[in-house]
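Below: the structure, in structure tokens.
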Amino acid sequence: MTSDGAKPGAASVDTSVNVGGIQLRNPVLTASGTFGYGTEFAAFMDLRKIGGFVAKSLTLEPRSGNMPARIVETPSGMMNAIGIENVGVEAFIHEKLPQIPEEVPVVASVFGTDPEMYAETCRRLSDVPQIKGLEINASCPHVKSGGIEFGQNPKVLAELVRVTRKATSIPLLIKLSPNVTSVAEMAKVCEAEGADGISLINTVQALEVNIETRRPVLRNVLGGLSGPAIRPIALRMVWQAAQAVKIPICGIGGIATGEDAVKFLLCGATAVQVGTANYVNPKAAQEVAEGLVAYAQAQGVSALRDLIGALELPESG
Ligand SMILES: Cc1cc2nc3c(=O)[nH]c(=O)nc-3n(C[C@H](O)[C@H](O)[C@H](O)COP(=O)(O)O)c2cc1C
């Protein structure tokens, strides 16, 4: 029984959850690309207070990403077109990972421009003891090839899940795009091909314009919208996916408080990831974990997992 964030004298809350074989002390992870390689945030918070973290998407070779401007603030959120800048899988394993406390579960995010590249990166990460699971980024909306192409076509997504599933026996999460007509259909494809869980949502494809220059604000033209602006969209998609599949879901999108995280659990998420909020408050993920416990105590809920899928719907008719 764990009791993260419990007030002295208040009832203890069981915060542990299992996401497709990844055992977490609490359901709060940090989202890929918003928490660096974990080390950047160690000065601001105790990584052991969160469930774990998802590292920046990794490719087989290092990548420098897109040209600036790559980020812009928008109402209730931000847009980015970073383009998967990362140190590459080998530097992550040998230089970044050893700096993370051993007891912090790490989920490695994997990106590639073709399924075999994804598979090879998965193979290299699978034998590293601290890596408890892989998250396949099938949904980056702003790279020239790869990413979103894999997440928007059910046949292409099925092949990517099949190939990466073959490449690893550790827990495999597939991160889906919101830029699709039916997230339920995409979630079913992942389940049928043997994925252990689903993460959603990645950013929402967007465009911002500078009227003085009459140009797009981002050099890449299109970017991905994140932050509180997308939270209701993410809740809707988590809820729809949860109706469609039995595998667990990691809910992502605009989560900044414990209350936000509660909404995702009620809609069917087993765990959540905190993204853009880390830029506003580097302790956001820890505070989300504490806020979940405070809600459970106030509501007399003894285990956070009792909240999963507990959304009550209005009676029909
Ligand atoms: C600057 C930035 C970089 C991101 N990089 C990645 C990435 O490398 N891989 C990935 O799967 N998602 C990436 N994302 C998407 C986030 O992980 C998350 O899915 C999205 O931002 C929605 O959550 P949020 O509203 O809490 O930020 C990135 C988001 C931002 C803002």
Amide H within-cut-off set for T276, under 5 Å, with H built and near neighbours excluded
G227, G254
Which whole-number percent of Cα pairs in the range 79-206 have a distance greater than 20 Å?
41
Specify which residue in the list S12, I211, G309 is farthest towards the positive end of the charge dipole of the chain, using unit charges on the beta carbon of Lys, Arg (+1) and Asp, Glu (-1), about the Cα centre.
I211
Neighbour net charge for P115 - beta-carbon separation under 9 angstrom, K R +1, D E -1
-2
Lys and Arg at +1, Asp and Glu at -1: neighbours of A244 with Cβ under 11 Å from its Cβ sum to 0
Can you tell me how the chain classifies by the Cα gyration tensor, rounded, prolate or oblate, using a/c under 1.5 as the rounded cut?
rounded
The range 149-281: C-alpha gyration tensor shape, a/c 1.5 cut-off, then a/b vs b/c:
oblate
Using the beta-carbon distance between A43 and S76 and R0 = 30 Å, what value does 1/(1 + (r/R0)^6) give for FRET efficiency, to the nearest 0.05?
0.60
A correct Karplus calculation of ³J(HN,Hα) over the range 128-134, with 6.51 cos²θ - 1.76 cosθ + 1.60, θ = phi - 60°, whole Hz and x for Gly and Pro, returns 8, x, 6, 7, 8, x, 10
The chain - mean residue ellipticity at 222 nm from DSSP helices (-39,500 (n - 2.57) per run, n ≥ 4, rounded to 500)
-8000 deg cm²/dmol
Cross-link pairs K246/K283; K96/K132; K166/K263; K155/K263; K96/K175; K56/K283 - those with Cα-Cα distance over 26 Å
K246/K283; K166/K263; K155/K263
What FRET efficiency, computed as 1/(1 + (r/R0)^6) with R0 = 45 Å and r the Cβ-Cβ distance, is obtained for N281 and K166, rounded to the nearest 0.05?
0.65
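Bear in mind that the values in this text are calculations on the coordinates, not laboratory data. Remember, it's a predicted structure, so these values are computed and weren't measured experimentally. Here Cβ is always computed from backbone atoms with ideal geometry, including for glycine, and neighbour counts include all displayed protein chains.
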